[in-house]
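**Student:** Below is a structure I'd like to ask you about.
The values are calculated or read from the model by the stated rules, or taken from the named source; none is laboratory data. The shown structure was predicted, so the numbers you read here are calculated from the model rather than taken from an experiment. Cβ placement follows ideal geometry from the backbone for every residue including glycine, while neighbour counts extend to all protein chains displayed.
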Amino acid sequence: MGFTAEEVNAYVAALEIGGGFVSSIARKAGSHRVTTYNTLENLHKKGFMKKTKKRGVMFYYPVNPQIILNQIEDSYKVAKSIVPQLIDLQNTYAFKPTIQFFEGKEQLKEVFDDLLMSKTEVIGYTNYQISTELFPEHTKYYSKEVLYRNTKHRLLCPNNNFHREYITSELKDRMESGLLEIFAVNPTQFAFKNALYIYDDKVMTISFDRKEMMAVIIESKNNAETNRAIFNLAWLGATSFVAK
């Protein structure tokens, strides 16, 4: 109802003594007389305090607490009926993509935690050689967690000695379970300087460069769908090339 601490104290004090003059209420509330007078006048304007003159001096008495409760309940009913309409208006007319920035090695660990919360397939471009060098424990933890959470991944990575060995030794369980499809592409023709993941309605870009170690997560359905389409086109090209 918008009560200040002073208004609560004054109202309770007046209630306890059954109403009174400013000096009596101030003494009961433990506040200054001038402050109490201003507070009582504010309560009167809000409709929570009545006033009359006794012996030529203003006498204040509080309204029944039940009236305040009734007003609160009425306000709640009005808000409850209006808020859903306001939410619909916001969803209809307001486009507010969420953009999150992460900087430095420690914050970059947080983005992988967001990936773990994905409710959809995770697709994108990755580089295990760099990620295992920077985050060896976190990379192992991530692989175990997605296996446990049953989250499917389709990824493109550089085709080099490291990845060929890593895929065979570290990703075998995920691949055999059908939770991971990964294709290695020519790193000379297709150099992945950043990692990029598409999941849910989000697109995550990670720079592993030590000079600009950062990540950006953009949450936008249209942006995610566009990047998903681009990746699927790249995936189609990669798998077609391998098939040949």
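**Student:** So, in the range 177-201, how many residues would count as being closer than 24 Å to L116 by Cα and either aliphatic (A, V, I, L, M) or not assigned by TED's automatic domain parsing to the domain that holds K119 (or both)?
**Tutor:** 7
**Student:** Still on this structure, please answer the following. Please go through the range 219-240 and pick out each residue that is of a type in the set (S, T, Y), part of a helix (DSSP H, G or I) and closer than 23 Å to M117 by Cβ. Write out each step before concluding.
**Tutor:** Initial filter on the range 219-240 (of a type in the set (S, T, Y)): 220, 226, 239-240.
If we keep only those that are part of a helix (DSSP H, G or I) as well, we get 226, 239-240.
Of everything in the range 219-240, just one residue is of a type in the set (S, T, Y), part of a helix (DSSP H, G or I) and closer than 23 Å to M117 by Cβ, namely T226.
**Student:** Look through the range 106-120, keep the residues that are over 15 Å from the mean Cα position of the chain (by Cα) and without any contact (Cβ under 8 Å) to a residue 60 or more places away in the chain, and return whichever of them is farthest from R149 (Cα to Cα).
**Tutor:** Quick first cut of the range 106-120, residues over 15 Å from the mean Cα position of the chain (by Cα) only: 106-109, 112, 116, 119-120.
With without any contact (Cβ under 8 Å) to a residue 60 or more places away in the chain added as a condition, the list becomes 106, 109, 112, 116.
Values: E106: 24, K109: 18, F112: 14, L116: 8 Å.
Per the criteria, the residue is E106.
**Student:** Another question about this same structure. If you take the residues of the range 30-45 that are farther than 25 Å from N70 by Cα and within 45 Å of the chain's Cα centre (by Cα), which of them is surrounded by the most Cβ atoms within 10 Å (Cβ to Cβ)? Steps first, please.
**Tutor:** Residues of the range 30-45 that are farther than 25 Å from N70 by Cα, as a first pass: 30-38.
Now drop any that are not within 45 Å of the chain's Cα centre (by Cα), which leaves 30-32, 35-38.
Values: G30: 9, S31: 16, H32: 12, T35: 14, T36: 25, Y37: 17, N38: 14.
Out of the qualifying residues, it is T36.
**Student:** Could you check S118 against (1) outside any helix (DSSP H, G or I); (2) farther than 23 Å from A224 by Cβ and say which number it fails?
**Tutor:** Of (1) outside any helix (DSSP H, G or I); (2) farther than 23 Å from A224 by Cβ, only one is false for S118: (2).
**Student:** Which pairs turn up if I take residues in the range 57-71 that are exposed (fewer than 11 other Cβ atoms within 10 Å of the Cβ) and look for partners that are not in a helix (DSSP H, G or I) with beta carbon separation below 6 Å, at least 6 apart in sequence or on another chain?
**Tutor:** Hits for this filter: V57/F21.
**Student:** With the requirement that a residue be farther than 15 Å from N194 by Cβ, at pLDDT 85 or above and under 20 Å from the mean Cα position of the chain (by Cα), what does the range 87-105 give you?
**Tutor:** T98, I99, Q100
**Student:** May I pose another question? Consider Y76 carefully, then state whether it is of a type outside the set (S, T, N, Q), in the same structural domain as A215 (by TED's automatic domain parsing), in a helix (DSSP H, G or I) and out of contact with any helix residue (DSSP H, G or I) (no Cβ under 6 Å at 6 or more places or on another chain).
**Tutor:** Answer is no for this residue.
**Student:** Another question, if that's okay. Can you go through L156, L147 and tell me which one is farther than 13 Å from A195 by Cβ and surrounded by 15 or more Cβ atoms within 10 Å (Cβ to Cβ)?
**Tutor:** Details: L156 fails: farther than 13 Å from A195 by Cβ.
Residue meeting the stated conditions: L147.
**Student:** What do you reckon, is N9 crowded, with 16+ Cβ neighbours inside 10 Å, over 21 Å from S75 (Cβ atoms) and not β-branched (V, I, T)?
**Tutor:** Yes, satisfied.
**Student:** Related question: Run down R210, R174 and say which single residue is crowded, with 19+ Cβ neighbours inside 10 Å, in the same structural domain as V111 (by TED's automatic domain parsing) and either modelled with pLDDT under 90 or not in a strand (DSSP E or B) (or both).
**Tutor:** That would be R174, the only listed residue that is crowded, with 19+ Cβ neighbours inside 10 Å, in the same structural domain as V111 (by TED's automatic domain parsing) and either modelled with pLDDT under 90 or not in a strand (DSSP E or B) (or both).
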